[in-house]
Structures are given as C-alpha cells and as structure tokens.
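Only one structure is covered here, and it is reproduced in the block below.
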Amino acid sequence: MTGTELATRSAEDVTSTNLELMRVAPKMPWMMRIEEHPYWETLAQLRVTIRAGVTLRFRVRDLLALKEGQVFESLSPATEDVPVRVGHAQLGWSEFEVLDQRMALRLTRLG
C-alpha cells in the first residue's frame, strides 16, 4: 500500500456526519484562568528569573582590552523599549530606571 492509497482511504472515511460533529463541538480550553489550576497555590509560590537584554556593539579586541569606566554603544535607540524574558518566552517590553540607588525595570507593555 502506498502513501497515496492511505491518504485516499482516510479521505473516504470522512463523512458529512463527521464534519457536522466537528463544527458543533466547541473547542473549550481545559482551564480558563491559571488561578483555576488545582495546584495554583503551589505554582504561585515558585520563583522565576526575569531577564532584560540590551544588545551592545562589542568586538573581541574590546573584550581583551577591558578597563573600568569603558562605555559600549548599544544597537538600540535610547527611546526603544527593552525586551523582558522569562526563560525563553518573551513577557513584554520595559525601560530602565533607577529606584533607591538600584537599577529597576518599568514594564511598558505585555506581549
């Protein structure tokens, strides 16, 4: 039996009744909100690391000649927001600020 024959037989098995059932059955998510998860109380306590990144213009010779006070140029304009990530997923965008003598991020938009 070839792949074409398998595909043809599978297509023959689809009837108008099957198509009607597919249209009628709503696709509901198994959980509307994360707070509904049975283990939400535990999940809510987990710590995550958030990372904000700025791409810098940097050469190997700059790395070898590093000195205190050296400044590296960013590839992003000063007005552009910085991406914020949790793991490999992007959470949103932010801007840097100083809060009580410490670096801080202000979340400007989600997504």
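Being exposed (fewer than 10 other Cβ atoms within 10 Å of the Cβ) and assigned to a loop (DSSP other than H, G, I, E, B) is the filter here, so list the residues in region 83-93 that pass it.
88
Quick check, is residue 80 at pLDDT below 85 and assigned to a loop (DSSP other than H, G, I, E, B)?
yes
Can you run down the residue pairs with Cβ atoms below 6 Å, 6 or more apart or on separate chains, where the first is in region 89-101 and without any contact (Cβ under 8 Å) to a residue 24 or more places away in the chain and the partner is of a type in the set (D, E, K, R)?
92/109; 93/81; 93/109; 95/81; 95/106; 97/106
Of 58, 72, 96, which residue is at pLDDT below 90, in a strand (DSSP E or B), of a type in the set (A, V, I, L, M, F, W, C) and surrounded by 10 or more Cβ atoms within 10 Å (Cβ to Cβ)?
Numbers: 58 fails: in a strand (DSSP E or B); 72 fails: in a strand (DSSP E or B).
Of 58, 72, 96, the one residue that is at pLDDT below 90, in a strand (DSSP E or B), of a type in the set (A, V, I, L, M, F, W, C) and surrounded by 10 or more Cβ atoms within 10 Å (Cβ to Cβ) is 96.
What are the residues in region 45-91 that are touching a Gly at 6+ places or on another chain (Cβ under 6 Å) and on the phi > 0 side of the Ramachandran plot, if any?
Selection gives nothing.
Since residue 48 meets every condition but one in (1) surrounded by 12 or more Cβ atoms within 10 Å (Cβ to Cβ); (2) part of a loop (DSSP other than H, G, I, E, B); (3) touching a residue at least 24 places away in the same chain (Cβ under 8 Å); (4) of a type outside the set (D, E, K, R), which condition does it not meet?
Failed condition: (1).
Do you know which residues across region 57-82 are closer than 30 Å to residue 47 by Cβ and in contact with a Ser or Thr (Cβ under 8 Å, 6 or more places away or on another chain)? Break it down stepwise before answering.
Of region 57-82, the ones closer than 30 Å to residue 47 by Cβ are 74, 76, 80-82.
Within region 57-82, 74, 76, 81, 82 qualify.
Looking at region 99-108 only, could you name the residues that are assigned to a strand (DSSP E or B) and exposed (fewer than 10 other Cβ atoms within 10 Å of the Cβ)?
Of everything in region 99-108, those that are assigned to a strand (DSSP E or B) and exposed (fewer than 10 other Cβ atoms within 10 Å of the Cβ) turn out to be 99, 102, 103.
The values are calculated or read from the model by the stated rules, or taken from the named source; none is laboratory data. None of these values were measured; they are calculated from a predicted model. All Cβ positions, glycine included, derive from the backbone under ideal geometry; neighbour counts span all protein chains shown.
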